[in-house]
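Contents: one structure, followed by commentary.
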Amino acid sequence: MTAATSNISTRQRVAVAGASGRMGQMLIEAILNSSDCVLAAALDRAESPSIGNDPCAFLGKPSDLKIESDVRAALAKADCLIDFTRPEGTMEHLAVAADLGVGVVIGTTGFSDEQKLQIAEFAKKTAIVLSANMSAGVNVTFKLLEMAAKALKEGGYDIEIVEAHHKHKVDAPSGTALKMGEVIAEAQGTNLADRAVYERYGHTGERKADSIGFATVRGGDIVGDHTVLFAGIGERIEISHKSSSRAGYANGSLRAVAYLADKKSGQYDMYDVLKLR
């Protein structure tokens with residue numbers, strides 16, 4: 001038996017979108033090394049030069065699978081889809097998954113408010129884990145930020161969020177940075193939209209007391225660095241998470257797949273998966 005077909009009856013059958021990309025390959029490697037999941041299908045854009053190639057070949061572990069572009073045909077073979085692509089592609093995949101009753105783990109970021117509402121509608125038909133970041137470590141960081149934000153609500157602490165990613169990332173600030181801001185604002189009984197400052201240029205005047213500032217860095221192959229600064233008088237608290245590889249995202253995604261195994265519908269996040277509530 002090949003790595004892609006052994007024990008398929010007792011393991012979660014997983015399809016991976018964006019299979020030829022770096023994150024897709026990381027997910028495929030994690031699935032092949034998992035005792036709970038099996039790679040059932042690999043998806044990519046129709047124009048991708050990887051269509052028709054073996055998705056496991058880069059690991060030297062040949063399989064009977066081919067990277068394909070037919071979403072419905074691919075998802076018909078799967079129990080769950082893991083999608084780290086672009087918002088438009090994810091929404092197309094999600095529509096088919098909801099129709100087939102296939103669970104979806106979404107690591108894509110940059111969704112519009114309208115798309116988020118559509119995802120909630122799809123969750124009435126199938127089970128979805130949607131998270132700004134699939135890493136267990138990042139989600140524990142969210143919890144630490146929630147605790148810090150509550151404890152430091154009084155005392156005049158200024159809050160700044162700095163994030164850095166590779167030069168190919170197309171949205172800014174990152175979904176993780178925005179989620180950090182949302183967690184902090186909610187913990188303090190406010191809305192991020194009322195406090196966020198995304199740009200500073202020229203004569204800005206003094207810092208607004210209750211604002212949450214964002215700074216974005218893009219360059220090289222930075223996987224993902226996030227630091228939240230609580231700057232008070234006489235002291236400074238920094239809570240950081242730094243990713244050296246995408247392995248944490250892949251491993252977290254497989255935990256999300258396992259969480260969805262007995263779910264038929266509903267929208268969840270990594271707090272649910274990790275029991276952080």
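Every number here is computed from the coordinates shown, using simple stated rules; none is lab data. Small disclaimer: the values here were computed from a predicted structure and weren't measured. As a convention, Cβ positions derive from the backbone with ideal geometry for all residues, glycine included, and neighbour counts pool all protein chains shown.
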When Rg is the radius of gyration of the Cα atoms in the range 184-260 and Rh is its Kirkwood radius, what does Rg/Rh come to? 1.06
Going through the range 74-142, which chymotrypsin sites (Phe, Trp or Tyr not before Pro) have at most 14 other Cβ atoms within 10 Å and a DSSP loop state? none
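Would you please classify the overall shape of the range 136-243 from the alpha carbon gyration tensor, given that a ≥ b ≥ c denote the square roots of the eigenvalues, rounded means a/c under 1.5, and beyond that prolate means a/b larger than b/c while oblate covers the rest?
Verdict is oblate for the range 136-243.
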Quick one: Cα centre-to-centre distance for the range 227-274 and the range 50-126, in angstrom? 21 Å
Note: probe point = Cα of His166 + 7 Å toward Cβ; backbone nitrogen < 18 Å; residues of the range 260-276 passing the test are none
Distance in nm between pseudo-label sites at Leu100 and Thr190 (7 Å out along the Cβ direction from Cα): 4.5 nm
Under 5 Å, built H, 5+ apart or other chain: amide partners of Val129: Val104, Val105, Ile106, Tyr268
The range 128-277: antiparallel bridges as % of DSSP beta bridges, rounded to 5, reads 60 percent
Taking other Cβ within 10 Å of each residue's Cβ, how do Ile119, Ile233 sort, fewest first? Ile233, Ile119
Measure nothing but the geometry: give the 0 to 90° angle between the long axis through the Cα atoms of 136-151 and the longest principal axis through the Cα atoms of the chain, rounded to 10°. 20 degrees
